[in-house]
Amino acid sequence: MPVPSILVVDDDRSLRELLQMHLEERGLAVEVAGTGAEGEKLAREKRPQVIVLDVHLPDRSGLDLLEALRQTTDAPVLVVTAFHDMATTILAMKSGAFDYIRKPIDLFAFDAALDRALEERRVSSSAKTLQLGDSASPDLHALVGNSPPMQEIFKEVGKIASSKATVLLKGDSGTGKELLARVIHRYSAPSRPFVAVNCAAIVETLLESELFGHERGAFTGAVAQKPGKCELAEDGTLFLDEIGDLPLSLQAKLLRVLQEREFERVGGVKRLPLRARVIAATHHDLGQRAGERLFRDDLYQRLKVVTLELPPLRERAEDVPLLVGHLLRRINERTGRKVTKVPPEVMAELKRRPWPGNVRELENALLRAVVMAPGDVLLPELIGTSPAPGPPAMEGSGAPLPPGEAVWTLEEIERAHIERVLAATGGHRGKACEVLGITRPTLERKLRKYHLAVPRRTRART
Ligand SMILES: Nc1ncnc2c1ncn2[C@@H]1O[C@H](COP(=O)(O)OP(=O)(O)OP(=O)(O)O)[C@@H](O)[C@H]1O
Ligand SMILES: [Mg+2]
């Protein structure tokens, strides 16, 4: 490999000479320019690996030049300036500077930044470029995955697409249940409405009217007749998200509606037909909830006839590269960035992680990395190192660990662990204390300290 070359653009001659000497001592090849025009020309002709750029140039603003350079070269640019105010710094980083160095230059800080930039070049040239966006119309709403369980799901979707059968979607948080519901809709009734109701987010009294609508005067505040989601879905899809959290009283009503395919508005007598296909989703184990009498067994039996289960991401690590490509394309589009290179060691790390928050957590980790990426490479430090083996995964644990933090503090681990134990014990404080090996007052103190809410539904049991 040829000696890496550095281009220094600065109108301050003594600084230029100092940097040149310093860089040559480090065994690097150096080009220098005193004006913006000269700098732009050298950048084009000499193709330096890294560019050091002063913000204050006699002929043009360095930030301006920076934007121009971004179009012609992907060499990292280290911006040097005496103006270390907020605006200049933000603007420099926003214009695509790799890093920002203050004058007077501290050579240690300068070397550190330069090393990072050279490392980025090295990784970048060895990184495998993902095939992003090369198909004519990339399907940004696709459910991607080529693992056997995902292939099986695609087949099932094909089979059920042309029927009106009620479908139950199971899977941990972030595995793609809502996305799957939309895909089923797209392949069965694409031009018809898709109407979603989150059964966990609306209080019981309002939920009934939300689902079935109400007549004028049905209850205080019902000043006009209002159609419910069952009606608004027409002959499209009614998506009942978090069905496991549907209050028991409404479970009975919903069962009847599914059996008779008819419903009435709250306060009404007219029976209206349910024409929509119903897709229900939950991260709960409904069988278990039925055993605990939190979910009606008859409704569960009715719903589970056609069940699609999305496996956790850690059980299909082979899907990770495809997902990373797909998600990066989506994130690049959304953020206007162009992070397209993923070094093999980064991909290996992403495949290795347990991803308790599944695809959503992977997506968030990538989003954070893209936003922080100085260039077009997903550098290892952007995804952080994975935390030390965390608290053991627990069956039925609903609370994902804090996603992808580079380093965890003890408090973060403690908070996440308490949250998981509470979720695993269904909010039973006594049991949680046993599992955690602490006393009740200690648990209460920690709940207050971390502002933790005990899962609401089962609080009455303690
Ligand atoms: N197979 C996949 N391909 C592409 N994107 C996916 C896939 N699975 C999930 N996603 C993306 O991950 C995010 C989370 O998915 P989604 O909201 O469907 O999960 P969920 O199972 O409904 O989670 P929760 O139980 O927390 O509601 C979304 O941005 C979704 O687009
Ligand atoms: Mg969801």
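Consider segment 150-188. How many of its residues are assigned to a helix (DSSP H, G or I), in the same structural domain as L240 (by TED's automatic domain parsing) and either within 16 Å of ligand 2 (Cβ to nearest atom) or within 13 Å of E309 (Cα to Cα) (or both)?
So the count comes out to 9.
Can you name the number of the only condition in (1) surrounded by fewer than 18 Cβ atoms within 10 Å (Cβ to Cβ); (2) assigned to a helix (DSSP H, G or I); (3) more than 16 Å from the chain's Cα centre (by Cα) that K338 fails?
Going through (1) surrounded by fewer than 18 Cβ atoms within 10 Å (Cβ to Cβ); (2) assigned to a helix (DSSP H, G or I); (3) more than 16 Å from the chain's Cα centre (by Cα) one by one, K338 breaks only (2).
What's the number of the condition T307 fails, among (1) away from ligand 1 (no atom under 16 Å from the Cβ); (2) of a type outside the set (D, E); (3) surrounded by fewer than 19 Cβ atoms within 10 Å (Cβ to Cβ)?
(1)
Among the residues in segment 210-227, are any touching a residue at least 12 places away in the same chain (Cβ under 8 Å), within 15 Å of ligand 1 (Cβ to nearest atom) and not hydrophobic (A, V, I, L, M, F, W, C)?
no
Being within 21 Å of L286 (Cβ to Cβ) and within 16 Å of ligand 2 (Cβ to nearest atom): is that true of A252 here?
Working: within 21 Å of L286 (Cβ to Cβ): yes; within 16 Å of ligand 2 (Cβ to nearest atom): no.
For A252, the condition - within 21 Å of L286 (Cβ to Cβ) and within 16 Å of ligand 2 (Cβ to nearest atom) - is not met.
Got a sec? Which of L303, L294 is under 19 Å from K177 (Cβ atoms) and touching a residue at least 40 places away in the same chain (Cβ under 8 Å)?
Values: L294 fails: under 19 Å from K177 (Cβ atoms).
Unique residue meeting the criteria: L303.
Quick one: would you say A280 is within 30 Å of T425 (Cβ to Cβ), over 21 Å from the mean Cα position of the chain (by Cα) and within 16 Å of ligand 2 (Cβ to nearest atom)? Full working, then the answer.
Working: within 30 Å of T425 (Cβ to Cβ): yes; over 21 Å from the mean Cα position of the chain (by Cα): yes; within 16 Å of ligand 2 (Cβ to nearest atom): yes.
Criteria met by A280.
Of everything in segment 71-96 that's within 16 Å of E40 (Cβ to Cβ) and in contact with a helix residue (DSSP H, G or I) (Cβ under 8 Å, 6 or more places away or on another chain), which residue is surrounded by the fewest Cβ atoms within 10 Å (Cβ to Cβ)? Lay out the reasoning, then the answer.
The initial filter retains those residues of segment 71-96 that are within 16 Å of E40 (Cβ to Cβ), namely 71-75, 77, 79, 95-96.
Still in the running and in contact with a helix residue (DSSP H, G or I) (Cβ under 8 Å, 6 or more places away or on another chain): 72-75, 77, 79, 95-96.
Working: T72: 11, T73: 17, D74: 16, A75: 22, V77: 30, V79: 26, S95: 18, G96: 18.
Top of the filtered list is T72.
Would you point out the residue of segment 239-254, among those that are outside any loop (DSSP other than H, G, I, E, B) and more than 16 Å from ligand 1 (Cβ to nearest atom), that is surrounded by the most Cβ atoms within 10 Å (Cβ to Cβ)? Walk me through how you get there before you give the answer.
So the first thing to find is which residues in segment 239-254 are outside any loop (DSSP other than H, G, I, E, B), and the list is 239-241, 243-245, 248-254.
Next, only the ones that are more than 16 Å from ligand 1 (Cβ to nearest atom) stay: 248-254.
Values: L248: 12, S249: 12, L250: 17, Q251: 18, A252: 13, K253: 17, L254: 25.
So, considering only residues that are outside any loop (DSSP other than H, G, I, E, B) and more than 16 Å from ligand 1 (Cβ to nearest atom), the one surrounded by the most Cβ atoms within 10 Å (Cβ to Cβ) is L254.
Does segment 344-376 hold any residues that are open to solvent by less than 10 Å² (accessible area, probe 1.4 Å), under 24 Å from S125 (Cβ atoms) and modelled with pLDDT of 90 or more, and which are they?
V346, L350, L366 - these are the residues of segment 344-376 that are open to solvent by less than 10 Å² (accessible area, probe 1.4 Å), under 24 Å from S125 (Cβ atoms) and modelled with pLDDT of 90 or more.
Do any residues in segment 143-158 that are more than 18 Å from H326 (Cα to Cα) have Cβ atoms under 7 Å from those of residues that are part of a helix (DSSP H, G or I) and of a type in the set (S, T, Y), where the two are at least six apart or on different chains, and which pairs are they?
V157/Y187
In this structure, does E292 turn out to be open to solvent by 40 Å² or more (accessible area, probe 1.4 Å) and closer than 30 Å to A233 by Cβ?
Numbers: open to solvent by 40 Å² or more (accessible area, probe 1.4 Å): yes; closer than 30 Å to A233 by Cβ: no.
For E292, the condition - open to solvent by 40 Å² or more (accessible area, probe 1.4 Å) and closer than 30 Å to A233 by Cβ - is not met.
Out of curiosity, is P389 modelled with pLDDT of 90 or more and either open to solvent by 50 Å² or more (accessible area, probe 1.4 Å) or among the charged types (D, E, K, R) (or both)?
Numbers: modelled with pLDDT of 90 or more: no; either open to solvent by 50 Å² or more (accessible area, probe 1.4 Å) or among the charged types (D, E, K, R) (or both): yes.
Judged against the criteria, P389 is not a match.
The values are calculated or read from the model by the stated rules, or taken from the named source; none is laboratory data. These numbers were taken from a predicted model, which means no experiment stands behind them. Backbone-built Cβ (ideal geometry, glycine too); neighbour counts: all protein chains shown. Side chains are part of the model used for accessible areas, which takes the heavy atoms of the whole protein and leaves out ligands, DNA and RNA. Shrake-Rupley method; radii C 1.70, N 1.55, O 1.52, S 1.80 Å.
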